[in-house]
Amino acid sequence: MKIFYLICVWLLAPVLLLANAAAPGFRSAGGTGTFSLLYPDDSAKYRHIQMVREKVSIDIYKGYAVVKGEYWMYNHADSSFSIRVGYPLNASYSLNDNSRYETSIFFDALYSLHAFSNRVQQAIISEPVTHPTNEHDQNNWYVWNNRFEAKDTTYIEVYFIVNTNQATISKGYNKDKTNGFIYVLETGATWKQPIIQGEIRIRLLDGLDLDDIRGMAPGNVFSTFGNMMLTRFNNLTPGPDDNIILAYGERQKNLDFASVIQQKEKLFNAVHQFSMLTVDNDRLQSHTFKDPYIVQSFGGGFFTSLLMLLAIWGVPLLILLIVIFAIYSFMKRRRQSNQA
């Protein structure tokens, strides 16, 4: 009988291992970062440009987020020049260099991008481009040409909308479907360092409040007031641990994202007004958020994977087990007959 049990374990082991194949992580979150350099031939120039101030305002809705980024860029060089800058459309980052988690940012859900340089709207290449020195790096960027005057500060504004409704948090056999937003602050490190002054403010709208936040990283840098969160920093060279990772609410089953995009002017105006809001520092309260990588449901991922595998292999396994059991029974009866 021991042989029979060993054979069963051997047959089922691949099923159990395959169900747990996915690495833990936070995937397909809507997000973005600071605009950055695209072409290597411009690298000698962009190292002269320092982000003296960064201010990011984010409106969080059920299923999407609206972002306004403001960047004051000082050109330390003695000459003026133009370089091509932009946003990547997809990427993957880890929480830190030794992270146990995989963090995937869904950049190709970046919609209605508007960019302004010294309040003049820039012409953006709406179709992604091919990297000139890497034929494999295709369809990855939105780009515009930005001029930086010598010994002067250029004020850059960007507006866009991201879809946050496709995020998943997984660990082991378990998986949660949620809303996720990530701001990759470390992309600001591509410019001359450090970032002298920075602020990130987040506002929860659409009926959302702090109780709807499942987790945030870093978990202890934001202060709160009502439905607003704010963090500031000085003289920072941002790294992976500085990226803002937000998990919130539940996935919206009937989100009409096309209608969201049609309201872009209204949404951009709202986030602009939010960016202009004066914050009463005396009313801000320190707050510690939970880990955004925590999975709240248990067992669903394992059983779903197990059922899928059994649907494929169930009948063959059952037939094989019946045959094995029949052979075992026949041999047992024969052995007993010989002993009699």
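For the reader, a short list of remarks on this structure follows.
- Of all residues making up segment 267-324, the number that are of a type outside the set (A, V, I, L, M, F, W, C) and at pLDDT 80 or above: 17
- The set of residues from segment 148-165 being among the hydroxyl-bearing types (Ser, Thr, Tyr) and over 29 Å from Lys264 (Cα atoms) is empty.
- Test result for Ile169, assigned to a strand (DSSP E or B), at pLDDT below 90 and in contact with a strand residue (DSSP E or B) (Cβ under 8 Å, 6 or more places away or on another chain): yes
- Among the residues of segment 37-61, those identified as polar (S, T, N, Q) and assigned to a strand (DSSP E or B) are Gln50, Ser57.
- When the residues of segment 186-237 are filtered to those that are at positive phi and not in a strand (DSSP E or B), the one that is farthest from the chain's Cα centre (by Cα) is Gly226.
- Residue-level analysis places Leu277 among those that are surrounded by fewer than 19 Cβ atoms within 10 Å (Cβ to Cβ) and either under 28 Å from Pro194 (Cα atoms) or touching an Asp or Glu at 6+ places or on another chain (Cβ under 7 Å) (or both).
- Boolean, Phe81 is surrounded by fewer than 21 Cβ atoms within 10 Å (Cβ to Cβ) and modelled with pLDDT of 90 or more: yes
- Flag if Tyr183 is at pLDDT below 95, buried (at least 18 other Cβ atoms within 10 Å of the Cβ) and more than 20 Å from the chain's Cα centre (by Cα): no
The values are calculated or read from the model by the stated rules, or taken from the named source; none is laboratory data. Note that the structure is predicted; figures quoted are calculated from it, not measured. Because the Cβ atoms are built from the backbone with ideal geometry, glycine has one as well, and the counts that use them run over all protein chains shown.
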